[in-house]
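Below you'll find the structure, written out as C-alpha cells, and then a few comments.
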C-alpha cells in the first residue's frame, strides 16, 4: 500500500491488482492529477488487492483498477485505468 497526504476533505483510494498495464496506467494518471493539483484529497492511498483482498470486499469492488472517491457526503467509484484524464478530472470535481 502506498499512501500520501494532501490538503482537502476527499479520500482517494486506488485499488489495483498487481502490476498490470492497467494498474500502472491508473497509478501514473493519479500521480499526474495529484502533481497538477487537480486531485486534491486529505488522504491518497494505492492498495494492491492481491496482497490485501479485504479492501476489495470492503468497497465491493469486482473490477480493478478502481478509484474510490470518498467525501463526507458521497462515495464515487471510477473503474478503469483512468486514461481519459479529462473525464476523471470532471468526476473528481463533481465529487
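Structure values in brief
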| quantity | calculated |
| --- | --- |
| Pairwise label distance in nanometres, residue 24 with residue 91, each label 7 Å out on the Cα-Cβ vector | 2.2 |
| Bins of 10 Å, starting at 0 and running to the largest distance - Cα pair percent for the stretch 2-94 | 17, 56, 27, 0 |
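Quick note: the coordinates plus some simple rules give every number you see, no bench work behind them. In this text, all values refer to a predicted model and were calculated from it rather than measured experimentally. In this analysis, Cβ positions are derived from the backbone assuming ideal geometry, glycine residues included, and neighbour counts consider all displayed protein chains.
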